[in-house]
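The values are calculated or read from the model by the stated rules, or taken from the named source; none is laboratory data. Just so it is clear, the structure is predicted and the values come from calculations on it, not from any experiment. Counting neighbours? That spans all protein chains shown, and the Cβs are built from the backbone with ideal geometry, glycine included. These accessible areas exclude ligands, DNA and RNA; they are computed on the full protein's heavy atoms, side chains included. Shrake-Rupley method; radii C 1.70, N 1.55, O 1.52, S 1.80 Å.
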Amino acid sequence: MTKITAHDGDVAAFLESVEPAGRREDALLLMPIMERASGETARLWGTNLIGFGSYDYTYKSGHSGTWFRTGFGPGKGKMSVHIMPGYDDYSEELSRLGPYKKGASCLYLGRLSKVDLGVLEEIVEKSVTRMRELYPG
């Protein structure tokens, strides 16, 4: 398994290279929303993820690592928005978001024109606050 880590790659250049064009437009629209909601500067993680902030974790199994507090990946099929603490406390916000699919800690979104971006920002803000409570520092 390849370990995905943060690096100092050029976030703007990566965003400009995203295909197809509609996904690139959405990634450029999402970038300032994620920066505002997280209060963090964007960094590239691996080859295709943009993360904001970071935290260190250790599982009961002993596996440990570092991951971003929130982030997104502009995939060709869907935009993935990473909501790291999961969705237990987000039912009200999700009911107002618009169309999405859920993974373990990702919201998969089609075109952002179909979702309420204000609600998405609320969800990201709430998740970052929760992550800071769970993983201070």
Those residues of region 68-97 which are at pLDDT 95 or above and among the aromatic types (Phe, Trp, Tyr) amount to Phe68, Phe72
Please verify whether region 51-59 includes one or more residues that are closer than 14 Å to Ser127 by Cβ and hydrophobic (A, V, I, L, M, F, W, C).
yes
Restricting to region 68-91, and then to whatever is without any contact (Cβ under 8 Å) to a residue 40 or more places away in the chain and surrounded by 14 or more Cβ atoms within 10 Å (Cβ to Cβ), can you tell me which residue is farthest from Cys106 (Cα to Cα)?
Tyr90
So which of Leu28, Leu107, Leu94 is of a type in the set (A, V, I, L, M, F, W, C) and more than 23 Å from Ile4 (Cα to Cα)?
Leu94
Between a residue in region 120-134 that is closer than 18 Å to Leu109 by Cβ and any residue that is of a type in the set (A, V, I, L, M) and outside any helix (DSSP H, G or I), which pairs come within a Cβ distance under 6 Å, given they are 6 or more apart or on different chains?
Ser127/Ile83
Those residues that are surrounded by fewer than 20 Cβ atoms within 10 Å (Cβ to Cβ) and over 20 Å from Tyr135 (Cβ atoms), I need them from region 104-114; list them, please.
Tyr108, Gly110, Arg111, Ser113, Lys114
Breaking point among (1) buried (at least 18 other Cβ atoms within 10 Å of the Cβ); (2) out of contact with any Asp or Glu (no Cβ under 6 Å at 6 or more places or on another chain), for Glu133
(1)
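Can Leu94 be described as surrounded by 15 or more Cβ atoms within 10 Å (Cβ to Cβ), within 16 Å of Phe68 (Cβ to Cβ) and in contact (Cβ under 8 Å) with a residue 12 or more places away in the chain? Give the steps one after another, and end with the answer.
Values: surrounded by 15 or more Cβ atoms within 10 Å (Cβ to Cβ): yes; within 16 Å of Phe68 (Cβ to Cβ): no; in contact (Cβ under 8 Å) with a residue 12 or more places away in the chain: yes.
Against the criterion (surrounded by 15 or more Cβ atoms within 10 Å (Cβ to Cβ), within 16 Å of Phe68 (Cβ to Cβ) and in contact (Cβ under 8 Å) with a residue 12 or more places away in the chain), Leu94 does not qualify.
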Search region 1-23 for residues being out of contact with any strand residue (DSSP E or B) (no Cβ under 7 Å at 6 or more places or on another chain) and in a helix (DSSP H, G or I), and hand back the single one that is surrounded by the most Cβ atoms within 10 Å (Cβ to Cβ).
Leu15
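When you go through Glu121, Glu125, Glu35 one by one, which is the residue that is open to solvent by 20 Å² or more (accessible area, probe 1.4 Å) and under 18 Å from Ala6 (Cβ atoms)?
Result: Glu35 is the single residue among Glu121, Glu125, Glu35 that is open to solvent by 20 Å² or more (accessible area, probe 1.4 Å) and under 18 Å from Ala6 (Cβ atoms).
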Please enumerate the residues belonging to region 38-65 that are in contact with a strand residue (DSSP E or B) (Cβ under 6 Å, 6 or more places away or on another chain), open to solvent by 60 Å² or more (accessible area, probe 1.4 Å) and of a type in the set (Val, Ile, Thr).
Thr58
